[in-house]
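Participant: First the structure, then my questions, so here it is.
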Amino acid sequence: MDLWTLWWVWIAFALVLGLVELMLPGFIALGFALGAAAVGVLVGLGLSMSLPLSLMVFAALSLGAWLGLRATFKLKSGQVKSFDRDIND
């Protein structure tokens with residue numbers, strides 16, 4: 001049995017990418033984590049995919065997740081994040 005056909009491998013990969021996102025924030029690894037989790041769910045539901053197809057699905061879902069996160073959490077056009085007081089005050 002090939003490794004990419006096991007659902008828990010994709011979920012474990014998603015968890016690792018989620019931990020990477022905690023160390024390097026920026027929603028990039030989180031998009032990949034959501035893509036890997038989605039592929040893990042698809043494989044867990046019984047969808048049989050070859051390696052090239054599963055990687056293409058992973059890439060498409062990761063890109064969609066990243067674009068969705070970017071659209072949801074981005075600053076409005078022309079807006080700059082600024083702080084008017086120090087956290088230690």
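The values are calculated or read from the model by the stated rules, or taken from the named source; none is laboratory data. Here the structure is a predicted model, which is why all the values come from computation and not from measurement. Please note: Cβ atoms are built from the backbone with ideal geometry, for glycine as well, and neighbour counts cover all protein chains shown.
Participant: If residue 8 passes every condition in (1) surrounded by 12 or more Cβ atoms within 10 Å (Cβ to Cβ); (2) touching a helix residue (DSSP H, G or I) at 6+ places or on another chain (Cβ under 9 Å); (3) outside any loop (DSSP other than H, G, I, E, B) but one, which one does it miss?
Facilitator: Residue 8 satisfies all of (1) surrounded by 12 or more Cβ atoms within 10 Å (Cβ to Cβ); (2) touching a helix residue (DSSP H, G or I) at 6+ places or on another chain (Cβ under 9 Å); (3) outside any loop (DSSP other than H, G, I, E, B) except (1).
Every residue, every condition in (1) surrounded by fewer than 13 Cβ atoms within 10 Å (Cβ to Cβ); (2) outside any helix (DSSP H, G or I); (3) free of Cβ contacts under 8 Å to residues at least 40 places away in the same chain, yes or no:
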| position | (1), (2), (3) |
| --- | --- |
| 14 | no, no, yes |
| 18 | no, no, yes |
| 22 | yes, no, yes |
| 25 | yes, yes, yes |
| 32 | no, no, yes |
| 39 | no, no, yes |
| 52 | yes, no, yes |
| 71 | yes, no, yes |
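Participant: From the list 64, 68, 40, 46, which residue is within 10 Å of the chain's Cα centre (by Cα) and modelled with pLDDT of 85 or more?
Facilitator: Working: 68 fails: within 10 Å of the chain's Cα centre (by Cα); 40 fails: within 10 Å of the chain's Cα centre (by Cα); 46 fails: within 10 Å of the chain's Cα centre (by Cα).
64 is the lone residue from the list that is within 10 Å of the chain's Cα centre (by Cα) and modelled with pLDDT of 85 or more.
Participant: Has segment 37-44 got at least one residue that is at negative phi and either touching a Leu at 6+ places or on another chain (Cβ under 6 Å) or among the basic types (Lys, Arg) (or both)?
Facilitator: Taking every residue of segment 37-44 in turn, at least one turns out to be at negative phi and either touching a Leu at 6+ places or on another chain (Cβ under 6 Å) or among the basic types (Lys, Arg) (or both).
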